[in-house]
Amino acid sequence: MNVLWICNILFPEVEGLLSESAVSTGGGWMIASAAQLSKAGVALTVSTVTEKVKSLTHIHGKDFDYYLLPYGSGNKINNHEYDAHWIEVSKRVKPDVVHIHGSEFTHGLSYVQSVGPDHVVVSLQGLMGEYSKCFFDGMSKWDVISCTSLRDIIKKDTLFSNHGDYLRRSEYEKLLLKSVKHVIGRTEWDHDVALKINPKLIYHFCNETLRPEFYDGHWKHNGNRQIFISQANYPIKGFHQLVKAIGRMDNPPKVVVAGYNPTDDSSLVKRLKQKSYGIFINRLIKKYELQDTVSFCGPLNPAEIKKAYLESDAFICPSAIENSSNSIGEAQLLGVPVIATRRGGTPSIIENGRTGYLYDFDDLDSLVALIEKTLNSDCADMSQESKQKAGLRHDPAFNNSRLIDIYTTISHSC
């Protein structure tokens, strides 16, 4: 079977071929899924848009072919610059199935508009329309205005403009989902949202295969009073709510956050480059005197992330909205206790009290209580059940077989 993937990221292999200094930490679950397909004999071509090429570029990789489209005017607008490239890619690849990973950007929409929707399926990842509704949750209008940075004003990259970008992209997302016949999802939430946009969609259920590093290893309670957070760089991830909750605790745990430090104002240059959300987080950390409690450890590779999970007493996902967080899945595969907001698709992957704890986004007292409960318990039974069920949900062989079945169905459809 000949399959064309349309992705939002560059795979590390092709990124390395384009730049010797390239370092990639994203999209590991896609790479794991692609490897499984290749082992099963699927001929996979991976495509995306990038500023690293100036014309349509074909690269032969070890296991996959790559087609790279020049970024041009960008994939946050309905950009017809891509149309001719997609027509050419389609002629060369002759795919039996085209799999668009995510509805957040418009280069997938361009393929459908230029080549057509037949044998095309869209994986539901973040759903921009729903995400836009939660963008400012936990922040007052004054919070947003007062923390607006000079950098963001100059670059027209304020939180208000970011929210407007979400709203615009949600309209293109609707257009894409109304144009195709098939989607792949994995939660009750994404099913309901997609079918509300287009009731005629054929919905295919398929869980995701995660990065291979997380299928090996088992967490044990170590009493470090440390919690781990995987992202904290924009409001949707809800880190501000967690800081407020930690600030209420008499004996706050150490909070380790993956990714660059958005609060760093240690020099004039860094202050000038600071984004609005980083300023807001910085104010909260100082307000609650958590400077020695919260630490940002920079971008981490899979082995480093795994180490951070295993050294922590809990993983917390305080997001205002998620479909099904791969970070939650990775934590569960390792048996790490998970605390997460009861929003979006998260209730489809956490059984409250059995494979993790759920709380309401605005209920900070409940979050504090759950953090204390988790830190003061070995959580052995929860850890074991969570690990077992996550192993079934993210089973590479089963999910790969299911995905191939979906591709076969779509390739034979009209």
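Each reported figure results from applying straightforward, stated rules to the coordinates on display, with no laboratory input. Keep in mind it's a predicted model, so treat the numbers as computed, not measured. Here the Cβ positions follow ideal geometry from the backbone for every residue, glycine too, while neighbour counts run over all protein chains shown.
When Thr106, Thr408 are sorted by how many other C-beta atoms sit within 10 angstrom of their C-beta, beginning with the fewest, the order is Thr408, Thr106. Take the range 212-393, drop everything but the C-alpha atoms, weight them equally and run the Debye formula without solvent; then report log10 I(q)/I(0) at 0.12, 0.17 Å⁻¹ to two decimals. With no solvent term, the Cα-only Debye profile gives -0.52, -1.05. Which one, Glu289, Glu188, Glu104, has the greatest fluctuation when you compute a Gaussian network model over the chain with C-alpha springs under 10 angstrom? Result: Glu289 has the largest fluctuation of those listed. When a/c is below 1.5 the answer is rounded, else prolate if a/b is larger than b/c, else oblate, so apply that to the range 209-292 with a ≥ b ≥ c taken from the square roots of the Cα gyration tensor eigenvalues. Oblate, because a/c is 1.5 or more while a/b does not exceed b/c. Once the Cβ-Cβ distance of Asp381 and Lys91 is raised to the sixth power relative to R0 = 51 Å, the FRET efficiency obtained is 0.35. Rounded if a/c is under 1.5, else prolate if a/b beats b/c, else oblate: with a ≥ b ≥ c from the C-alpha gyration tensor eigenvalues square-rooted, which is the range 76-191? The shape class here is oblate.
Restricting the chymotrypsin sites (Phe, Trp or Tyr not before Pro) of the range 255-327 to loop positions (DSSP other than H, G, I, E, B) with no more than 14 neighbouring Cβ atoms within 10 Å leaves Tyr260. When the Cα centres of the range 253-297 and the range 129-164 are compared, how far apart do they sit, in Å? Between the Cα centre of the range 253-297 and that of the range 129-164, the gap is 17 Å. In the chain, helical runs assigned H by DSSP with n ≥ 4 each contribute -39500 (n - 2.57); averaged across all residues and rounded to the nearest 500, the mean residue ellipticity at 222 nm is -12500 deg cm²/dmol. With θ taken as phi - 60° and the Karplus curve 6.51 cos²θ - 1.76 cosθ + 1.60 applied, the whole-hertz 3J(HN,Hα) list for the range 272-282 is 5, 8, 5, 8, 4, 5, x, 4, 4, 5, 4 Hz, x standing for glycine and proline. Taking H as built 1.01 Å from N, whose amide H comes closer than 5 Å to the amide H of Gly356, not counting residues under 5 places away? So Gly356 has HN proximity to Glu351. Within the same chain, lysines fewer than 8 places from Lys389 are excluded, and of the rest, those with a Cα less than 19 Å from its Cα are Lys220, Lys306. The HN-Hα couplings worked out from phi for the range 385-390 by the Karplus form 6.51 cos²θ - 1.76 cosθ + 1.60 (θ = phi - 60°) are 5, 4, 4, 5, 6, 5 Hz, whole numbers, x standing for Gly and Pro. With a ≥ b ≥ c the root eigenvalues of the C-alpha gyration tensor of the range 1-130, is it rounded (a/c under 1.5), prolate (a/b larger than b/c) or oblate? It comes out rounded by the Cα gyration axes. Convex hull volume per residue, computed on the Cα atoms of the range 128-246, equals 180 Å³. At full extension, Asn78 and Leu268 could sit 64.6 nm farther apart than now, given 0.36 nm per residue minus the alpha carbon distance. For the pair Arg225 and Leu18 in one chain, pulling the backbone fully straight at 0.36 nm per residue adds 70.3 nm over the alpha carbon distance.
Past 21 Å, Cα to Cα, is the threshold; run Lys244/Lys307; Lys254/Lys307; Lys156/Lys286; Lys76/Lys270; Lys244/Lys286 against it and keep the listed order. Violating the 21 Å limit, Cα to Cα: Lys244/Lys307; Lys156/Lys286; Lys76/Lys270. Cβ crowding within 10 Å ranks Glu322, Glu213, Glu171 as Glu171, Glu213, Glu322, fewest other Cβ atoms first. Fewest neighbouring Cβ atoms within 10 Å first, the residues Phe214, Phe11 line up as Phe11, Phe214.
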